[in-house]
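J.: Please find one structure pasted underneath; my questions will follow.
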Amino acid sequence: MSSAKAKFLEEDGCRVRVVHLDRVEQARKKTISENELDRLALTYKVMGDPNRLKIVMALRNVEMCVCDLAAFLGLSESAVSHQLRRLKDLALVKKRRDGQVIYYALDDEHVSQLLNIGLEHVRE
């Protein structure tokens, strides 16, 4: 291995570690901004809550109002509204008013793709 591609470091006087500098540089070139990283982490954190994930899964194929979602989840309308606010803040769901009823749906196809990829992974 050439010295341009790897750097040998001695740790604790007895162990040797190899750092592949070309791979480190490649990873650095593909790094996203801190803002994007924080938003992505928050998206996964929000979707990591079982009730919010159930809401998102329910909205994959049909739009639903708060009452529908409350009945589906067995939660209060207030609890569902709180969860929907979190999901809406991250643009995971959107709302549509029809008279006095507000219907919720997934914000776009990307949210559905996130769910499908996650399901595909856990089902392997």
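J.: May I ask you to say which residue of V80, V93 is in contact with a strand residue (DSSP E or B) (Cβ under 9 Å, 6 or more places away or on another chain) and modelled with pLDDT of 95 or more?
T.: Of V80, V93, the one residue that is in contact with a strand residue (DSSP E or B) (Cβ under 9 Å, 6 or more places away or on another chain) and modelled with pLDDT of 95 or more is V93.
J.: Let me ask something else about it. Which count do you get for residues in the range 90-116 that are under 18 Å from K54 (Cβ atoms), free of Cβ contacts under 8 Å to residues at least 40 places away in the same chain and out of contact with any Lys or Arg (no Cβ under 9 Å at 6 or more places or on another chain)?
T.: Number satisfying all stated conditions: 1.
J.: Right, L53: in a helix (DSSP H, G or I), more than 24 Å from R96 (Cβ to Cβ) and either touching a Lys or Arg at 6+ places or on another chain (Cβ under 6 Å) or free of Cβ contacts under 8 Å to residues at least 60 places away in the same chain (or both) or not?
T.: It is false that L53 is in a helix (DSSP H, G or I), more than 24 Å from R96 (Cβ to Cβ) and either touching a Lys or Arg at 6+ places or on another chain (Cβ under 6 Å) or free of Cβ contacts under 8 Å to residues at least 60 places away in the same chain (or both).
J.: Testing E63 on (1) more than 12 Å from the chain's Cα centre (by Cα); (2) without any contact (Cβ under 8 Å) to a residue 24 or more places away in the chain; (3) surrounded by 10 or more Cβ atoms within 10 Å (Cβ to Cβ), one condition comes back false. Which one is that?
T.: Checking E63 against (1) more than 12 Å from the chain's Cα centre (by Cα); (2) without any contact (Cβ under 8 Å) to a residue 24 or more places away in the chain; (3) surrounded by 10 or more Cβ atoms within 10 Å (Cβ to Cβ), the one that fails is (2).
J.: Among the residues of the range 56-86, how many are among the basic types (K, R) and in a helix (DSSP H, G or I)?
T.: Of the residues in the range 56-86, 2 are among the basic types (K, R) and in a helix (DSSP H, G or I).
J.: Restricting to the range 69-124, and then to whatever is on the phi > 0 side of the Ramachandran plot and loosely packed, with under 11 Cβ neighbours inside 10 Å, can you tell me which residue is farthest from the chain's Cα centre (by Cα)?
T.: Here the answer is G99.
J.: Let me ask something additional. Within the range 20-44, which residues are polar (S, T, N, Q) and free of Cβ contacts under 8 Å to residues at least 12 places away in the same chain?
T.: Residues satisfying the conditions are Q26, T31, S33, N35.
The values are calculated or read from the model by the stated rules, or taken from the named source; none is laboratory data. Predicted, not measured: the structure shown is a model, and the values here were computed from it. All Cβ positions, glycine included, derive from the backbone under ideal geometry; neighbour counts span all protein chains shown.
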